[in-house]
Amino acid sequence: MMIRFNRYILLVVFTLLSLNVWGQDKVAFDVEVPSHIIAGRPFRVVFSVNASAKNINFNAPSGLEVVYGPAVSSSSSMSIVNGKRSSSRTTSFTYTLLAEKEGNYVLPEAKVEVSGATYRTASRRITVFGADTDTEVNNGGANSSPSISAEDLYIVAIPSKTQVYEQEAVQITYKLYSRLENTQFSNFSFPDYEGFVQYVQDDGSQAYFEAEQVNGKLYYAATFHSVVLYPQRAGKLVIKPAEFEMVVSMPISNPKRDIFDAFFDNFQQLRKKIKTKPVTIDVKALPQPKPDNFSGAVGQYSLNMEVPTKVLKTNESFTMKMSLEGKGNIKLAKIPEPIFPEGFDTYDPKESDDTGVRGGETRGTRAKEYFAVPKHVGDFVIPAIPFTYFDPAKGQYETITLPETKVHVDKGEATDVSAVTGLSNKEDVKYLGKDIRYLKGSKRTTTLNKTNGTLYLVAYIALVVLLLVAILIDRKKEAYMADTASNRSRRAGKMARKYLKIAYQMRNKGEDSAYYEALLKGLSDFLSAKLHIPLSELSKENIATAMKERGASDELVEKAIQTLSTLEVARYSPSETEEREQLYDQAASVIDGVQKLKGK
């Protein structure tokens, strides 16, 4: 009995230990080292392990001297996600090395021990350039002030492409080249990228210098900023220069005044203003004719639909989820909407956005959940859903068609409905909106006297008049609903107020990005609906033309276009509180002004 009990204890202990091992994150041991360096210049090698570690085994190869190290540092963090607590710890070992001469070297693997297990890094190759005799900038002699030439320090804007289609991504990378070691940014100003929608990919917080040879000269080079741009119109679009102010610490070679000068280096801080050259992007128009269901999506996409159930009950919610996945102008792409049958009450969809800027593109998944409530029993068909996008790699339009969806609706509880396939009895039917109700016949008879007869006649005539008025109103309503553009135009104000309310809430929460997104979407959708311009064709020229046709003043036209342009830029660049409030007031003013324009 005791042996069996001990076996149970051992089994429990083994299980707990196993769970502890499985619950641990996988140990990762990495090395960070520049791939190109200059002989005679110290450089750092950092080994990092995502666990607690004390000892490291690393031997520098011949030709690379360890000047200092290892310097050991550790950090820890804790997070709680969905009620589950997790913690992480990182240990870093930093060496400072010096290359004695030029050549190619292999940095060997390092070893570290974590919880009794040994982990190794991969070996890394390093190219060492010979010391450049012209690396130091000419200081003009012993008694002259040092100077910085255009070759010593410059920045270039590098486009990933110079010829693209409308809405096709182009990445602009800003790279610093310096022959001076102590170089820092003091101030900078990037262009507003007029004609483009921009998304920042790298803000320079992780800039890393490496040695690079350009025209036989050695530079410290670092990529410090990159943006992904989507051109909004065809033609030659010019990206204006970015401007920078740099601060460089320069050594001063002066005659030694006394013995103490030998112990101190003299430096002078110089400021240098530099700017990039303009970049021209040749933007090609999308091929004509555009497909009827093309809504402006450009890139490579897939479209999926999720329908949890196809057997429903009246007055119960029905959900369809549309997921658009891919890369391109996905944030601007319009997710197609299903067309629900008559007798389905629809509600505002729920949107989700899991996209980001990676690899010179905006990529990820956007989804919309559509909700509807069936009011009648029967069999219904939701038509097939087409989605057309332009693939710039193929130079042609592609169409994805989701199949039609058949749903069956049974009678739910506490409902008064009839099958749409036919009426269940022959009694009179009263049609109120879209609800069908039966009028049961009365079995009671009434004897009318003369006075009651007169009142009955008056009431009868009044009912006839009311019936005629109701018929006229119903016909007007049908004509009103048939005019889709007019209907969207009438709903535009309500839709705009909804987004203004969302923007107001986001501003109070301090969520600037969501605030500008809501303002931009509200104003864009409002102008699209009110001016009868598809979102894919909502350009400055089309907005100006449509507004002037409706009698808008030049001031209102300019304000509408300027507000849209400012909102596009404001989403990705910080702005003051006063400017944020002004944008809100401007958007509201534009919406109010366009609302008052005469229809067309």
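Remarks
- Residue check, SER352 touching a residue at least 24 places away in the same chain (Cβ under 8 Å) and assigned to a strand (DSSP E or B): no
- Matching residues in segment 193-209 - criterion: being over 24 Å from LEU286 (Cα atoms) and at pLDDT 80 or above: VAL200, GLN201
- The single condition among (1) of a type outside the set (Ser, Thr, Tyr); (2) in a loop (DSSP other than H, G, I, E, B); (3) under 19 Å from SER536 (Cβ atoms); (4) free of Cβ contacts under 8 Å to residues at least 60 places away in the same chain that ILE339 does not satisfy is (3).
- Hey, ASP345 surrounded by fewer than 18 Cβ atoms within 10 Å (Cβ to Cβ), closer than 30 Å to LEU229 by Cα and of a type in the set (Asp, Glu) or not: no
- Against the numbered list (1) surrounded by fewer than 18 Cβ atoms within 10 Å (Cβ to Cβ); (2) of a type outside the set (Asp, Glu); (3) in a strand (DSSP E or B), PHE387 comes up short only at (1).
- Scan segment 510-535 for residues that are in a loop (DSSP other than H, G, I, E, B) and surrounded by fewer than 20 Cβ atoms within 10 Å (Cβ to Cβ) and the total you get is 5.
- Among all residues of segment 148-168, there is none that is under 18 Å from ILE37 (Cα atoms), modelled with pLDDT under 95 and surrounded by fewer than 20 Cβ atoms within 10 Å (Cβ to Cβ).
- Qualifying residue in segment 529-548 (condition: modelled with pLDDT of 80 or more, in contact with a Phe, Trp or Tyr (Cβ under 9 Å, 6 or more places away or on another chain) and among the hydroxyl-bearing types (Ser, Thr, Tyr)): no
- Filter result for ARG233 (assigned to a loop (DSSP other than H, G, I, E, B), at pLDDT 90 or above and of a type in the set (D, E, K, R)): yes
- Just so you know, in segment 403-420 the residues that are assigned to a loop (DSSP other than H, G, I, E, B) and of a type in the set (A, V, I, L, M, F, W, C) include one that is modelled with the highest pLDDT, and it is ALA414.
- Taken together, the residues in segment 55-91 that are under 24 Å from GLY103 (Cα atoms), touching a Lys or Arg at 6+ places or on another chain (Cβ under 8 Å) and at pLDDT below 85 amount to 0.
- Residue that is surrounded by the fewest Cβ atoms within 10 Å (Cβ to Cβ) [pool: residues in segment 102-114 that are in a loop (DSSP other than H, G, I, E, B) and at pLDDT 85 or above]: PRO108
- The residue that is surrounded by the most Cβ atoms within 10 Å (Cβ to Cβ), among those in segment 29-63 that are aliphatic (A, V, I, L, M) and without any contact (Cβ under 8 Å) to a residue 60 or more places away in the chain, is ILE56.
- Annotation: of all residues in segment 115-147 being surrounded by 11 or more Cβ atoms within 10 Å (Cβ to Cβ) and among the β-branched types (Val, Ile, Thr), the one that is modelled with the lowest pLDDT is VAL137.
The values are calculated or read from the model by the stated rules, or taken from the named source; none is laboratory data. This structure is a prediction, so every number in the text was calculated from the model and none was measured. Counting neighbours? That spans all protein chains shown, and the Cβs are built from the backbone with ideal geometry, glycine included.
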